[in-house]
Amino acid sequence: MATVIAVRGTAEERIAPELGAVSLSVSVSGAERDATLERTSTAHQQLVAEVRALEASGALDTWSAGQLRVSSHRPWNNEGKQLPVVHQASADVEVVFTDLERLGDWVSTISLGDSIGIGGINWRLTDATRKRTQEAAQRAAVADAVAKAAVYAAALGLGTPAPAELADTGLLTAQPVPQGGRGERMYAMSLSADMGAGGGPAEFTPAQLVIEASVEARFTAEPA
């Protein structure tokens with residue numbers, strides 16, 4: 001009589017990022033609505049002009065710029081008194097670098113502007129590389145499942161196990177699918193950035209990206 005062996009195979013692939021997406025925001029606050037809008041618009045136009053220059057140099061993959069947003073509110077002071085109206089105008093910009101060496105220099109320079117804030121850097125892969133790396137992790141996860149099944153079969157004195165079922169994690173069991181779903185997930189290792197005490201160029205160590213895959217499998221094995 002065949003014995004059923006159920007296992008979970010896991011694997012991960014680590015790879016250096018190819019793209020660095022920088023999120024920026026242009027934001028200005030002021031008591032006069034028109035003046036606030038003008039200052040924000042000017043800063044936004046200057047930023048977009050610098051981004052276009054980067055694009056022309058070949059340092060970028062893509063970039064995008066959002067429209068100006070305007071809001072108004074009346075803040076309160078520590079004594080509970082409502083202060084005059086404050087107007088705020090802002091716009092978001094995302095710049096995706098292919099030249100990661102230039103990324104740090106540019107971020108250091110652009111962050112010196114009074115009205116520009118850096119939201120963060122998102123390290124990415126191109127679609128083709130991500131697909132290729134995911135597939136490598138998935139194949140390795142299947143190989144891990146096969147190896148585990150072989151170990152269990154040998155420990156029971158059984159012959160070579162034959163695959164009966166294979167699925168992404170959670171599809172062969174009643175347990176909920178873990179975070180990431182569909183058998184793979186991707187995350188980034190730590191990012192370090194030293195802006196320097198003297199305000200010099202930022203030195204970035206791009207985060208290493210890790211793509212994980214997991215599968216569940218059932219095998220059958222006959223007595224040896």
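The values are calculated or read from the model by the stated rules, or taken from the named source; none is laboratory data. Source: prediction; values computed, not measured. Cβ placement follows ideal geometry from the backbone for every residue including glycine, while neighbour counts extend to all protein chains displayed. These area figures cover heavy atoms from the full protein model, side chains too; ligands, DNA and RNA do not enter into them. Shrake-Rupley method; radii C 1.70, N 1.55, O 1.52, S 1.80 Å.
Taking the options Leu54, Leu68, name whichever one is assigned by the TED database to the domain that holds Gly113, under 20 Å from Glu101 (Cα atoms), of a type in the set (A, V, I, L, M) and within 28 Å of the chain's Cα centre (by Cα). Reasoning before the result, please.
Working: Leu68 fails: under 20 Å from Glu101 (Cα atoms).
On inspection, the qualifying residue turns out to be Leu54.
Looking at the structure I just gave you, is Ala43 hydrophobic (A, V, I, L, M, F, W, C) and either assigned by the TED database to the domain that holds Glu165 or open to solvent by 50 Å² or more (accessible area, probe 1.4 Å) (or both)?
No.
So if I check each of Ala213, Ala164, which one is in contact with a helix residue (DSSP H, G or I) (Cβ under 6 Å, 6 or more places away or on another chain), assigned by the TED database to the domain that holds Ala150, more than 27 Å from Leu112 (Cα to Cα) and modelled with pLDDT of 70 or more?
Exactly one of Ala213, Ala164 is in contact with a helix residue (DSSP H, G or I) (Cβ under 6 Å, 6 or more places away or on another chain), assigned by the TED database to the domain that holds Ala150, more than 27 Å from Leu112 (Cα to Cα) and modelled with pLDDT of 70 or more, namely Ala213.
Please go through region 115-136 and give me each residue that is outside any loop (DSSP other than H, G, I, E, B), in contact (Cβ under 8 Å) with a residue 40 or more places away in the chain and out of contact with any Pro (no Cβ under 8 Å at 6 or more places or on another chain), ordered by number. Even if it seems obvious, please write down each step before you answer.
As a first pass, look at region 115-136 and keep what is outside any loop (DSSP other than H, G, I, E, B): 116-124, 127-136.
Adding the requirement that they be in contact (Cβ under 8 Å) with a residue 40 or more places away in the chain leaves 116-124, 129-130, 133-134, 136.
Those that are outside any loop (DSSP other than H, G, I, E, B), in contact (Cβ under 8 Å) with a residue 40 or more places away in the chain and out of contact with any Pro (no Cβ under 8 Å at 6 or more places or on another chain): Ile116, Gly117, Ile118, Gly119, Gly120, Ile121, Asn122, Thr129, Arg130, Thr133, Gln134, Ala136.
Determine whether region 49-62 contains at least one residue that is touching a residue at least 12 places away in the same chain (Cβ under 8 Å), open to solvent by 50 Å² or more (accessible area, probe 1.4 Å) and touching a strand residue (DSSP E or B) at 6+ places or on another chain (Cβ under 8 Å).
Yes; the residues of region 49-62 include at least one that is touching a residue at least 12 places away in the same chain (Cβ under 8 Å), open to solvent by 50 Å² or more (accessible area, probe 1.4 Å) and touching a strand residue (DSSP E or B) at 6+ places or on another chain (Cβ under 8 Å).
Filter region 1-35 for residues that are touching a strand residue (DSSP E or B) at 6+ places or on another chain (Cβ under 7 Å), under 30 Å from Phe219 (Cα atoms) and of a type in the set (A, V, I, L, M) and give the result.
Ala2, Val4, Ile5, Ala6, Val7, Ala11, listed by residue number.
Residue-wise test of (1) farther than 30 Å from Thr40 by Cβ; (2) in contact with a His (Cβ under 9 Å, 6 or more places away or on another chain); (3) open to solvent by 40 Å² or more (accessible area, probe 1.4 Å).
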site: Trp106; (1), (2), (3): no, no, no
site: Ile110; (1), (2), (3): no, no, no
site: Asp114; (1), (2), (3): no, no, yes
site: Gly120; (1), (2), (3): no, no, no
site: Arg130; (1), (2), (3): yes, no, yes
site: Gln134; (1), (2), (3): yes, no, no
site: Gln138; (1), (2), (3): yes, no, yes
site: Ala141; (1), (2), (3): yes, no, no
site: Ala149; (1), (2), (3): yes, no, no
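Can you say whether Glu13 is of a type in the set (Asp, Glu), open to solvent by less than 80 Å² (accessible area, probe 1.4 Å), at pLDDT 95 or above and over 30 Å from Ala149 (Cβ atoms), as far as the supplied structure shows?
No, not satisfied.
Suppose we filter Gly159, Gly117, Gly113, Gly104 for residues that are over 25 Å from Ala21 (Cβ atoms) and of a type outside the set (Val, Ile, Thr); which single one remains? Before the answer, list the steps.
Numbers: Gly117 fails: over 25 Å from Ala21 (Cβ atoms); Gly113 fails: over 25 Å from Ala21 (Cβ atoms); Gly104 fails: over 25 Å from Ala21 (Cβ atoms).
Among Gly159, Gly117, Gly113, Gly104, only Gly159 is over 25 Å from Ala21 (Cβ atoms) and of a type outside the set (Val, Ile, Thr).
Among the residues of region 84-93, is there at least one that is under 20 Å from the mean Cα position of the chain (by Cα) and either within 30 Å of Val210 (Cα to Cα) or not in a helix (DSSP H, G or I) (or both)?
Looking through region 84-93, at least one residue is under 20 Å from the mean Cα position of the chain (by Cα) and either within 30 Å of Val210 (Cα to Cα) or not in a helix (DSSP H, G or I) (or both).
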